[in-house]
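J.: Please read through the structure below; I'll follow up with questions.
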Amino acid sequence: MDQCRSIPFGDRLRIEADQICVDYNGVVALYDASLHLRAGCICGLVGMNGSGKSTLFKALMGFVRPSRGTIQINGLSVPRAQRDQAVAYVPQSEEIDCSFPISVWEVVMMGRYGSMNLLRIPRESDRLAVWHALERVELLDLRHRPIGALSGGQRKRAFLARAIAQRASVLLLDEPFNGVDVRTEKLMAELFLQFRHEGHTILISTHDLSHVREFCDLVVLINKTVLAYGETAEVFTPENLAMTFGGMVPNVLSGGPTSTEDFKQ
Ligand SMILES: Nc1ncnc2c1ncn2[C@@H]1O[C@H](COP(=O)(O)OP(=O)(O)OP(=O)(O)O)[C@@H](O)[C@H]1O
């Protein structure tokens, strides 16, 4: 399989992960995973439960350290890229602690922390960035509301606004479409297309394969390692999907059920 196939990228690479291995106290979550993503693309990250999608995100964010291999973001090491606020992560809803008494505005302002001094006193430019981010996700009206008093879809938009306010060039989105209604799904899809146009690199983990076919330029198929990646039209084949899902082929090519949730490990 094309573990490290070359893709006709533009010049600028945003993510360069080469042969990374990550284990949790000896339990291997990822091995020899390689992935290069250029500026200005939307890439779907597809694999079964437990295949290592979140672990890949964590490695790109510097939350876990690969035991082997290298990662560069915008040509910089992960800690350096973190200092530059180059990568933003939008977590799955379940990972968000909604009991914390914090307003939507304050959540989005957290995206600006990296560019503030230790006292974290927002400047006019920070307030403007937060305002515009909330405008883009259509949450300005709810900015004073506690985050715990939002619906699941609104909460996702709030965390997307935090990523926008951060002005990161790489956006990592963990299951952004899970549990959102059609309107929010459309809004988010439009935003992702705008981000791509602005030169961002967007990596989206999803169990809904129809989303990948709809608007991902590239796709990464993962099962503890990167099995294949490249242009969606080339990589999204029955053979590759069968390999990714342990011999079962989701019926994405013929309009049947398209959720990989049917293939839980
Ligand atoms: N903190 C941890 N300690 C031990 N093992 C872990 C830890 N986090 C993840 N794992 C294991 O690493 C493997 C990969 O997990 P990961 O969360 O990256 O998968 P995933 O593809 O994101 O799954 P899902 O689709 O269910 O969210 C799994 O076998 C999981 O049990």
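No lab work stands behind these numbers, since they all come straight from the coordinates. Note that the structure is a prediction, hence the values are computed from the model and not measured. Reconstructed Cβ throughout: ideal geometry from the backbone, glycine too, with neighbour counts over all protein chains shown.
J.: Would you kindly derive the ³J(HN,Hα) couplings of segment 191-205 from the backbone phi angles with the Karplus curve 6.51 cos²θ - 1.76 cosθ + 1.60 (θ = phi - 60°), listing them in order in whole Hz, with x for Gly and Pro?
T.: Those phi angles translate into 4, 4, 5, 5, 4, 4, 4, 7, x, 6, 10, 10, 10, 10, 8 Hz.
J.: Sticking with this one: Which value in Å is the Kirkwood Rh of segment 194-238 over different Cα pairs?
T.: Answer for segment 194-238: a Kirkwood hydrodynamic radius of 11.4 Å.
J.: Quote the relative contact order of the chain in percent (integer), defining contacts as alpha-carbon pairs under 8 Å separated by 6+ residues.
T.: Over the chain, the number comes to 28 percent.
J.: Here's a follow-up. Can you say what percent of the DSSP beta bridges in the chain, counting only those with both residues inside, are antiparallel? Round to 5.
T.: The antiparallel fraction comes to roughly 55 percent.
J.: Within 10 Å of each residue's Cβ, count the other Cβ atoms and sort Ile102, Ile204 from fewest upward.
T.: By the 10 Å Cβ count, ascending, the order reads Ile102, Ile204.
J.: Ok, one more. How charged is the neighbourhood of Tyr89? Take every other residue with its Cβ under 9 Å from the Cβ of Tyr89, and add Lys/Arg as +1 and Asp/Glu as -1.
T.: My count for the surroundings of Tyr89 gives 0.
J.: Taking the Cβ of Cys216 as the center, what net charge do the other residues with Cβ under 12 Å away carry, scoring Lys and Arg +1 and Asp and Glu -1?
T.: Neighbour charge sum, excluding Cys216 itself: -2.
J.: Taking 20 Å as the cut-off for C-alpha to C-alpha distance, list the pairs among Lys156/Lys186; Lys58/Lys224; Lys53/Lys186 that go past it.
T.: Listed pairs above 20 Å: Lys53/Lys186.
J.: Also, quick follow-up: Output wanted: per-residue J couplings in Hz (rounded whole) for segment 106-120, from phi through Karplus 6.51 cos²θ - 1.76 cosθ + 1.60, θ = phi - 60°, x for Gly and Pro.
T.: 5, 4, 5, 4, 4, x, 9, 3, x, 9, 9, 7, 4, 6, 6
J.: Over segment 92-167, calculate the relative contact order: mean separation of alpha carbon pairs under 8 Å at least 6 apart, over the residue count, as a percent.
T.: 50 percent
J.: If neighbour count is taken as other Cβ atoms inside 10 Å, put Phe159, Phe100 in order from fewest to most.
T.: Final ranking by Cβ density, sparse to dense: Phe100, Phe159.
J.: Here's a follow-up. From Cα pairs below 8 angstrom and at least 6 apart in sequence, can you work out the relative contact order of segment 34-131, rounded to a whole percent?
T.: 16 percent
J.: Counting DSSP beta bridges with both partners in segment 54-209, what percentage is antiparallel, nearest 5?
T.: Counting only bridges with both partners in segment 54-209, antiparallel ones make up about 20 percent.
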